[in-house]
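See structure below.
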Amino acid sequence: MAKYDPSKIEKHWQRYWEVKKFYVAPDKVRNKDNFYFLVELPYTSGNLHIGHWYTFSVSDIAARYWRMNGKNVMYPIGFDAFGLPAENAAIKNNLQPEDWTRKNIAYMTKQLKSMGTVFDWSRVVSTIDSDYYKWTQWIFLQFYKKGLVYRAKTLVNWCPKDKTVLANEQVVDGCCDRCGTQVIQKEMAQWMYKITDYADKLVDDLEKVDWPEVTKTAQCNWIGRSRGAEIHFLLPNSTETIKVFTTRADTLYGATYLVLAPEHPLVTELTKDQQLDLVGKYLEKAKKKSELERTIGKDPTLAESKVGIPTVERVGEKTGVFTGAYAVNPINNEKIPIWVADYVIGWYGTGAVMAVPAHDERDFEFAKKFKLPVRVAVKSKKEWDFSKQAFVDDGTLVDSGEFTSYTSANAREEIVEKLAQKKLAHRKINYKLHDWVLSRQRYWGTPIPIINCPKCGYKPVPEKDLPVKLPKLEDYKPNADGRSPLAKAKEWLKVKCPNCGGEAERETDTMDTFVDSSWYFLRYTDPKNKKVFADPTKMKSWLPVDLYIGGAEHNTMHLLYSRFFTKALYDLGFLDFDEAFTVRRNRGDILGPDGYKMSKSRGNVVDPDDLVAKYGADTVRMYLAFMGPYEQGGPWNPGGIVGVYRFLNRVWALYQKLNIKNQNDKLKIKGSGNINQVLHRTVKKVGEDIENLRFNTGVSEMMKLLNELENYKLPASVQKIFLQLLAPFAPHLAEEIWMRVLKNKQSVHLETWPKYDVKLIVEKTTKLVAQVNGKTRDVIEVPVGLDETKVSEFALASEKIKKHLIGKEVKKFIYVKNRLINIVI
Ligand code: ANZ
Ligand code: ZN
């Protein structure tokens, strides 16, 4: 008997499928619905690790399943290839970023092909190809025209090591998420996408999509929409006021002091002479702290929204200093002291808060430390010791003048209403979301298509001149002054101003790589188009994406940016949908042997190539599928893979034996049940499991089925069905047996998914007489073989029985197996 040798089989069939163009998805197929199945495109980091296999080869099981269920499936792949890691690696290895990246793409392509997936390679895109980034630039220009791009001086996160600006999302616990260096705040002019214009839609439209709750929650927290009011505190002997933003106007009578952020424009003006020194010193110190340091523990939403990143509950010691000045509470004309403290953030709200220690934890902590008064304005029925902690829930107002005994909800409305009449308050909605800083002072990225003219200022590159190609540069290392390396490309830099025709210079910043990946799913529908980013009819036949699978690490950044792009392109009239991903599922993470998420930087990655060489791609695929529920992932267990390998060997052996004459005659029916019943139940179960991304239980069903099959002489139909079930999981092995052993003319991957016979899978039932105190009241149908408790549940559920039990006490059940149940009352 021939041995199972995946190394011989797998390459052969991969070539066969490729030559036959099995997986090229046409835009239209008669009688078939299109199914756009998207997986996040990989970053070109060098080579694939087992996590990539998890994403691509396990999702492929579902892609193959939908194909077999009559869908015209598009399962595309591409490369996210610009960006810092590539540039840093190139610097380290003394190579050009492009050479390094192209080498990786070639190698990763080979690896991806070894998985035996249905990737449609005719649609591959790479974000570094100029015919791709031409459209990244074109979209930038459309947004520019629409006012969704602007340039502004902002305090930006600056990584001193990578010498670049980082988005807030790329700062983790105050450090650069790429290299771990402490991030500092620096003021610089940057290009921004006005994502905040879409804040409301980005929250509200989450209702339209079928996405994991964790992802929706993360996006909501990240956007941080907060409904409240602005209230004006008066300054004695001045016409100026201090505006505070509050979500708790109902606690206004409990305000005992006011806090300004160190950045607040009135700080110095208000500070009394004798306090100037202290306040000055305080401001110096506060400037050095990052926003995250200031907010962590005080504003947990900022940290919490980074799902997947463990946040330590570091309740930072509150610091602050009195200005010597006072403000007047507009509701009761009471004078309260004004403090400066860095737990108030300059850019959020108005950069000033009314502090209510009795009802806000941060204020409470601060008041305790600086011995400021705590005044109760809201109470509930709950006993509460206000000397120990703040009461932060809604309740009923106390000691609040005319509003005493109002509910919090009513008081919030009425208090703002009353002050609004005197123009001392108005309703206000705030957002935590910042605009998206898209420019990077680095070489390896999409050039920003802007020209800077000394006379006319910044002007967009005319569309006909796109793409603005990234020039080759001998020395592409970043400059310590923060200016982009492209400033060194002297030839490239010089350009005529599109407005006045005079000498001008190109913009030297490049784009954040998140821009590149914010629209790639559109390009897959028409990857080679030279005239438009994608033809509208082609988009129509595929988009929106039916299923998008990726990692929870993209809950806020990539998934938010792509939604923004989609909505903006929709508003510009280029798309006819405003949510691109109808269904999103997050795959779980594979933990390394040390129990941590596998990552290159941790050094706990498992090399899939070794495993493929040893066991074959089918085993690796199937083992990954078997590891755990797909949305949870699980720990890598090197021992487990052998079990799957043995399973496939047994499948192999089972079919090899068919070739040996009469061998099956020896096998009598000694299985535990009707083989057809087991088979059909498995067909149903495996199909449902795949649809619900529970590949693991799908695999175990297959294993159970094999145990049964080994005991039977297999009828031809059963031989076929088993292979059809196996095909999505172990495509090469299933094909080999299908074509070479069963001698079919056509690939197993062109088969339709087997149908199951409902009659064969329903459980057998029996009719049971149901009595109350010996009188027959109903005849109920129950599955055979149930015990007394289960049967009594069925009996109690019967309407006819229920009637006779009203107001009665059930004493006991008398059960005669499969015949009768009597309820004694
Ligand atoms: C008074 C008050 C009383 C508040 C109370 C809360 C509870 P969200 O939901 O995040 O919008 N706040 C306002 N601006 C701030 C800033 N720039 N930095 C730090 N904190 C700021 O939170 C709104 C609440 O956070 C506001 O409501 C304000 O404190 C504070 F019992 O006002 B509150
Ligand atoms: Zn000009």
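Every condition in (1) more than 13 Å from ligand 1 (Cβ to nearest atom); (2) of a type outside the set (Lys, Arg); (3) more than 30 Å from Leu433 (Cα to Cα) is met by Val374 except one, and the failing one is (1). Within the range 67-81, the set of residues being surrounded by 24 or more Cβ atoms within 10 Å (Cβ to Cβ) and among the charged types (D, E, K, R) comprises just one member, Arg67. Keeping to the range 436-491, report how many residues are touching a helix residue (DSSP H, G or I) at 6+ places or on another chain (Cβ under 9 Å) and more than 16 Å from ligand 2 (Cβ to nearest atom). Selection size over the range 436-491: 29.
Scanning the range 232-250 for residues that are under 37 Å from the mean Cα position of the chain (by Cα) and in contact (Cβ under 8 Å) with a residue 40 or more places away in the chain gives Lys243, Val244, Phe245, Thr246, Arg248, Ala249, Asp250.
Can you give me the number of residues within the range 112-165 that are aliphatic (A, V, I, L, M) and in contact with a Phe, Trp or Tyr (Cβ under 7 Å, 6 or more places away or on another chain)? Can you show your working first?
Step one: list which residues in the range 112-165 are aliphatic (A, V, I, L, M), which gives 112, 115, 118, 124-125, 128, 139, 141, 148-149, 152, 155-156, 165.
Those still in the list that are in contact with a Phe, Trp or Tyr (Cβ under 7 Å, 6 or more places away or on another chain) too: 112, 115, 118, 125, 128, 139, 148-149, 165.
Counting residues in the range 112-165 that are aliphatic (A, V, I, L, M) and in contact with a Phe, Trp or Tyr (Cβ under 7 Å, 6 or more places away or on another chain) gives 9.
For the range 608-622, the criterion of being of a type outside the set (Val, Ile, Thr), surrounded by fewer than 23 Cβ atoms within 10 Å (Cβ to Cβ) and under 30 Å from Gln170 (Cβ atoms) is met by none of the residues. If you go through the range 162-201 and pick out every residue that is of a type in the set (Gly, Ala, Ser) and in contact with a helix residue (DSSP H, G or I) (Cβ under 9 Å, 6 or more places away or on another chain), you end up with 3. Residues of the range 142-173 that are over 15 Å from Gln441 (Cβ atoms) and over 22 Å from the mean Cα position of the chain (by Cα): Gln142, Phe143, Tyr144, Lys145, Lys146, Gly147, Leu148, Val149, Tyr150, Ala152, Leu155. Of the residues in the range 49-60, not one is at negative phi and more than 21 Å from the chain's Cα centre (by Cα).
Every test in (1) over 16 Å from Gly116 (Cα atoms); (2) without any contact (Cβ under 8 Å) to a residue 12 or more places away in the chain is passed by Lys8 save one, and that test is (1). Looking at Val651, Val606, Val612, which one is in contact (Cβ under 8 Å) with a residue 12 or more places away in the chain, outside any helix (DSSP H, G or I) and under 22 Å from Phe729 (Cβ atoms)? Within the list Val651, Val606, Val612, the selection yields Val606. Out of the residues in the range 704-730 meeting the condition of being of a type in the set (A, V, I, L, M), assigned to a helix (DSSP H, G or I) and modelled with pLDDT of 95 or more, tell me which one is farthest from the chain's Cα centre (by Cα). The qualifying residue farthest from the chain's Cα centre (by Cα) is Leu723.
For the range 337-347, the criterion of being farther than 28 Å from Ile429 by Cα, over 36 Å from the mean Cα position of the chain (by Cα) and more than 13 Å from ligand 1 (Cβ to nearest atom) is satisfied by no residue at all.
In the condition set (1) under 16 Å from Ile338 (Cα atoms); (2) part of a strand (DSSP E or B), Asn237 is compliant with all but (2). If you go through the range 427-458 and keep only what is among the charged types (D, E, K, R), within 16 Å of ligand 1 (Cβ to nearest atom) and over 24 Å from the mean Cα position of the chain (by Cα), you end up with Arg427, Lys428.
Considering every residue within the range 376-385, establish whether at least one is free of Cβ contacts under 8 Å to residues at least 24 places away in the same chain and among the acidic types (Asp, Glu). The answer is yes, given that some residue of the range 376-385 is free of Cβ contacts under 8 Å to residues at least 24 places away in the same chain and among the acidic types (Asp, Glu). Of the residues making up the range 158-185, those that are in a strand (DSSP E or B) and modelled with pLDDT of 85 or more are Trp158, Cys159, Cys175, Cys176, Gln182, Ile184. Residue count for the range 766-775, restricted to those that are closer than 26 Å to Gly807 by Cα and surrounded by 12 or more Cβ atoms within 10 Å (Cβ to Cβ): 6.
Inspect all residues belonging to the range 89-98 and state whether any of them is buried (at least 21 other Cβ atoms within 10 Å of the Cβ) and touching a helix residue (DSSP H, G or I) at 6+ places or on another chain (Cβ under 6 Å). Checked against the condition, which is being buried (at least 21 other Cβ atoms within 10 Å of the Cβ) and touching a helix residue (DSSP H, G or I) at 6+ places or on another chain (Cβ under 6 Å), the range 89-98 yields at least one hit.
The values are calculated or read from the model by the stated rules, or taken from the named source; none is laboratory data. Since the model is a prediction, treat every value here as computed from it, not as a measurement. A quick note on method: Cβ atoms are made from the backbone with ideal geometry, for glycine too, and the neighbour counts reach across all protein chains shown.
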